[in-house]
Amino acid sequence: MKVIEHGPNAWFLYAERQALFLEVHCKREAFAHSVLLRLNAEETRAYGIEGRVFIDALAQWVRAAEAAVDGPYRKRDVAGLYSDKIAEAMDAWLADRTGDSPGKTPPA
């Protein structure tokens, strides 16, 4: 799994083989959480056509829907199945941005 795009403080888009996953950062009252969606065929096709514009719009839609107590996207949340891969992808993405390798201790 690999981070392929991100919207600062809003979402991350991951790819694994042919599958795309969108992690949306949501907030309801004082509680923040994330929802990880595997994009379906229609969403994947829309991303292929519209790119980041589509992902921004989808993320906004998910955030608005998740403001409800039982948001409809929770049924599609696959975070529990991919948490290890997401963590590894995030570590690699952060390391690429900082020039460090994951788990590397900076020199003293």
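The values are calculated or read from the model by the stated rules, or taken from the named source; none is laboratory data. Everything numeric here is computed off the predicted structure, so don't read it as measured data. Here the Cβ is made from the backbone with ideal geometry for all residues, glycine too, and neighbour counts use every protein chain on show.
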task: Count, please, the residues in region 51-78 that happen to be surrounded by 15 or more Cβ atoms within 10 Å (Cβ to Cβ), out of contact with any Pro (no Cβ under 6 Å at 6 or more places or on another chain), at pLDDT 75 or above and small (Gly, Ala, Ser).
output: 1
task: Scan region 63-86 residue by residue and report those that are among the hydrophobic types (A, V, I, L, M, F, W, C) and either under 15 Å from His6 (Cβ atoms) or in contact (Cβ under 8 Å) with a residue 60 or more places away in the chain (or both).
output: Ile86
message: I'm checking my understanding of the structure. Among residues of region 32-45 that are among the small types (Gly, Ala, Ser) and over 12 Å from the mean Cα position of the chain (by Cα), which one is surrounded by the most Cβ atoms within 10 Å (Cβ to Cβ)?
response: Ala32
- line: Among (1) surrounded by 12 or more Cβ atoms within 10 Å (Cβ to Cβ); (2) in a helix (DSSP H, G or I), Gly48 falls short only on (1)
statement: A careful count of residues in region 45-57 that are of a type in the set (A, V, I, L, M, F, W, C) and closer than 15 Å to Pro8 by Cα gives 3
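Quick one: in region 19-31, which of the residues that are under 14 Å from the mean Cα position of the chain (by Cα) and free of Cβ contacts under 8 Å to residues at least 60 places away in the same chain is surrounded by the fewest Cβ atoms within 10 Å (Cβ to Cβ)?
Ala19
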